[in-house]
């Protein structure tokens, strides 16, 4: 069982988490949803297209201008409150590694804290526990927030992923985070080169076998771009192919930019796997 906010998700129900960046310098949308109205329009569209979770972030993942905790909160807290007011049933996630920001967004209605930097601030899990919020436990290989990997090596990348994410997940539960609200994420691109991210995808079933719901954040990332030699705006097909493989191997939650396209891929994989009936079935029946 996966329980996030007011929602419960069935064992074979794929869950889409739509990205809404509250940053002026996002690698993908380049600030398109930095202002309130475009961001709220994006939320409305994502929900209409099938997103169950809205993931709001106030700091881009890569290097760039310093963003203080106060500025990150300014970009996210009021917006979370407004999304909560307008969309009472949607699951609201906030992409942050800072406990101060986590506290502020949970206070106004966030349901999940998406810690993409692998527990670098151990107090973030304490915040999730105090508010009964969900938590994403991500593998970042010990990298500092907003740094790019440099000559990173692993003896066995999946063994390291499992060791770190399972440790974070068990610690979160020991602090009081509901077990059914904890997800683990292999952290594609985070603390990894392209070959590491490809291997993590190939071996995703090893994460699924742990029993923890697996979240994947694949959307238009560098490992897709390097694999196919495509710039950021031409990575959708590679992303969707990786999404299909991840779905077949059992991932549960998909953090994405393209909601409608992802929904079709996930529905198709679910139908092939026998977990979903075709929407219509007329062929050969007339």
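Residue under question is residue 105, and the condition is that it be within 23 Å of residue 253 (Cβ to Cβ) and assigned to a helix (DSSP H, G or I); does it hold? Give the steps one after another, and end with the answer.
Values: within 23 Å of residue 253 (Cβ to Cβ): yes; assigned to a helix (DSSP H, G or I): yes.
For residue 105, the condition - within 23 Å of residue 253 (Cβ to Cβ) and assigned to a helix (DSSP H, G or I) - is met.
Taking the stretch 1-37, which residues are outside any loop (DSSP other than H, G, I, E, B) and surrounded by 14 or more Cβ atoms within 10 Å (Cβ to Cβ)? Write out each step before concluding.
Taking the stretch 1-37 and keeping what is outside any loop (DSSP other than H, G, I, E, B), we get 2-4, 7-9, 15-21, 36-37.
Within the stretch 1-37, 2, 3, 4, 7, 9, 15, 16, 17, 18, 19, 20, 21 qualify.
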Could you check the stretch 126-138 and list, in sequence order, the residues that are touching a helix residue (DSSP H, G or I) at 6+ places or on another chain (Cβ under 7 Å), crowded, with 22+ Cβ neighbours inside 10 Å and closer than 21 Å to residue 90 by Cβ? 127, 128, 133, 134, 135
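So that you can scan it fast, the table gives a plain yes or no per residue for (1) farther than 22 Å from residue 253 by Cβ; (2) in contact with a strand residue (DSSP E or B) (Cβ under 8 Å, 6 or more places away or on another chain); (3) buried (at least 17 other Cβ atoms within 10 Å of the Cβ):
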| site | (1), (2), (3) |
| --- | --- |
| 70 | yes, no, no |
| 101 | no, yes, yes |
| 120 | no, no, no |
| 124 | no, yes, yes |
Tell me, which residue of the stretch 45-73 that is free of Cβ contacts under 8 Å to residues at least 24 places away in the same chain and part of a helix (DSSP H, G or I) is farthest from residue 256 (Cα to Cα)? 70
Within the stretch 127-146, is there a residue that is free of Cβ contacts under 8 Å to residues at least 24 places away in the same chain and within 26 Å of residue 60 (Cβ to Cβ)? no
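Using the structure shown, decide if residue 243 is part of a helix (DSSP H, G or I), in contact with a strand residue (DSSP E or B) (Cβ under 8 Å, 6 or more places away or on another chain), without any contact (Cβ under 8 Å) to a residue 40 or more places away in the chain and surrounded by 18 or more Cβ atoms within 10 Å (Cβ to Cβ).
Details: part of a helix (DSSP H, G or I): yes; in contact with a strand residue (DSSP E or B) (Cβ under 8 Å, 6 or more places away or on another chain): yes; without any contact (Cβ under 8 Å) to a residue 40 or more places away in the chain: yes; surrounded by 18 or more Cβ atoms within 10 Å (Cβ to Cβ): yes.
Yes; evaluated as a whole, the condition is true for this residue.
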Boolean, residue 110 is modelled with pLDDT of 95 or more, within 27 Å of residue 147 (Cβ to Cβ), in a loop (DSSP other than H, G, I, E, B) and in contact with a helix residue (DSSP H, G or I) (Cβ under 7 Å, 6 or more places away or on another chain): yes
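The values are calculated or read from the model by the stated rules, or taken from the named source; none is laboratory data. None of the values given here were measured: they were computed from a predicted structure. Positions of Cβ are backbone-derived with ideal geometry, glycine not excepted, and every protein chain shown enters the neighbour counts.
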